[in-house]
Amino acid sequence: MLELIELIGKASGGLEVADTLTLPYDARQKSRQRVELDSGREAAIFLPPSSRLCEGDQLRTSQGDLVGVRAADEPVSTVRSDDPLQLARACYHLGNRHVPLQVEAGWLRYQPDHVLDDMVRGLGLTPAREHAAFEPERGAYHDHGSGHAHAPHTNAHGHPHDPTHSSRGNQP
């Protein structure tokens, strides 16, 4: 079985992939799993626990070959609008619910959920159910591939603030 052992990141010029791996969003969040490459070959992903795969990433096999990552088409809710303020409001409310959200010029996309769709309709927008690639924002505090995690920040009052944990309800 082929072993995928290193996340290279986005494709850079000159390197040719030996195969591709197409996965939906949820599967691209798993750092250790058995998969089937697009060629039909079986493979196993062995990456550090915090690894997340994105469209265009490349994985190095234990033999040194490269495998390109593709985002599979999957069920999504897509909201389109020419009104940036309406889209910003929808992003705000979806973000408050910690919904993985893909944000692009003139549209946004999330995993389908009738409660979220109803909320978006209540904001005056119309979600459309589609089959499309889903590549949500990674978040402001993710590791940008630098190989290190970011240290906690200090807030305006000089107290440490870890951006990965909420401080609500923990104040003296």
**Prompt:** Applying the selection to the range 95-129, what residues are in contact (Cβ under 8 Å) with a residue 12 or more places away in the chain, over 21 Å from Ala71 (Cβ atoms) and assigned to a helix (DSSP H, G or I)?
**Reply:** Asp117, Met119, Val120
**Message:** Looking at Tyr92 and the list (1) under 25 Å from Ala105 (Cα atoms); (2) assigned to a strand (DSSP E or B); (3) at pLDDT 95 or above; (4) out of contact with any helix residue (DSSP H, G or I) (no Cβ under 9 Å at 6 or more places or on another chain), which single condition is not satisfied?
**Reply:** (2)
**Prompt:** Taking the stated definitions as given, is Gly68 of a type outside the set (D, E, K, R) and surrounded by 13 or more Cβ atoms within 10 Å (Cβ to Cβ)?
**Reply:** yes
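Inspect all residues belonging to the range 43-58 and state whether any of them is in contact with a Cys (Cβ under 8 Å, 6 or more places away or on another chain), outside the structural domain of Leu125 (by TED's automatic domain parsing) and more than 17 Å from Glu130 (Cβ to Cβ).
Among the residues of the range 43-58, not one is in contact with a Cys (Cβ under 8 Å, 6 or more places away or on another chain), outside the structural domain of Leu125 (by TED's automatic domain parsing) and more than 17 Å from Glu130 (Cβ to Cβ), which makes the answer no.
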**Message:** exposed (fewer than 11 other Cβ atoms within 10 Å of the Cβ) and out of contact with any Cys (no Cβ under 6 Å at 6 or more places or on another chain): is that true of Glu6 in this structure?
**Reply:** no
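The values are calculated or read from the model by the stated rules, or taken from the named source; none is laboratory data. What you are looking at is a predicted structure, and each value in this text was computed from that prediction instead of being measured. Backbone-built Cβ (ideal geometry, glycine too); neighbour counts: all protein chains shown.
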